[in-house]
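Comments concern the structure below.
The values are calculated or read from the model by the stated rules, or taken from the named source; none is laboratory data. Predicted model only: the values in this text are computed from it and were never measured. All Cβ positions, glycine included, derive from the backbone under ideal geometry; neighbour counts span all protein chains shown.
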Amino acid sequence: MPNYTKLVLALGLIVFATATMSVAQSAGIALSETESNPDAPIEITANQLTVDRETGNAIFAGDVYAVRGVLTLNADELQVIYDEETDEDDGIREIIATGNVILVNGPDVAEAERAVYVPSNDTVTMTGNVLLTQERTVISGNLLLVNLVTGQGQMTGQVRTTFSSRNSEASE
């Protein structure tokens with residue numbers, strides 16, 4: 001095999017490997033070092049609040065905005081589900097956000113169709129057209145799981161990423 005054929009084959013393999021890496025099944029994520037305070041209160045504002053008298057569960061609807069320390073969450077609807085069996089975390093078992101969900105943690109922004117926050121382990125699971133933007137890096141996938149205490153996360157399901165160099169930004 002001539003040397004130029006080996007070179008073309010090697011370049012083809014490099015291009016294939018690079019293209020394959022841009023569409024993966026799973027990717028580890030590290031969020032900004034902005035600290036989450038699990039003891040901070042959660043403040044929620046919305047256009048409407050409905051409370052189920054039997055369970056005490058609350059549904060916030062319309063321009064929902066929730067803040068906990070430096071974390072902010074926007075959504076069309078937010079359900080607060082209580083666990084009657086525990087006094088931990090004010091009895092909140094989970095908070096479910098649906099519709100145009102945007103989670104902001106410092107410079108990091110994650111968007112999805114749905115997010116579930118579990119206070120007992122301080123995790124957020126985002127599903128449905130998940131898009132995570134970290135400075136010039138954009139990562140999309142089907143599911144994003146983030147531990148708010150450690151800042152570690154994982155994106156899974158048809159993961160795709162785009163990296164932009166500082167040089168490409170300067171040339172625009």
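If I filter region 86-101 for residues that are among the hydrophobic types (A, V, I, L, M, F, W, C), without any contact (Cβ under 8 Å) to a residue 24 or more places away in the chain and assigned to a strand (DSSP E or B), do I get at least one hit?
The answer is yes; a qualifying residue exists.
I'd like to check something: does region 146-155 contain any residue that is surrounded by fewer than 16 Cβ atoms within 10 Å (Cβ to Cβ), farther than 21 Å from Val64 by Cα and either among the hydrophobic types (A, V, I, L, M, F, W, C) or modelled with pLDDT of 95 or more (or both)?
Within region 146-155, one or more residues are surrounded by fewer than 16 Cβ atoms within 10 Å (Cβ to Cβ), farther than 21 Å from Val64 by Cα and either among the hydrophobic types (A, V, I, L, M, F, W, C) or modelled with pLDDT of 95 or more (or both).
Among the residues of region 124-138, how many are modelled with pLDDT of 90 or more and more than 10 Å from the chain's Cα centre (by Cα)?
Within region 124-138, the subset modelled with pLDDT of 90 or more is 124-133, 138.
Filter again for more than 10 Å from the chain's Cα centre (by Cα), leaving 128-129, 138.
Total meeting the criteria: 3.
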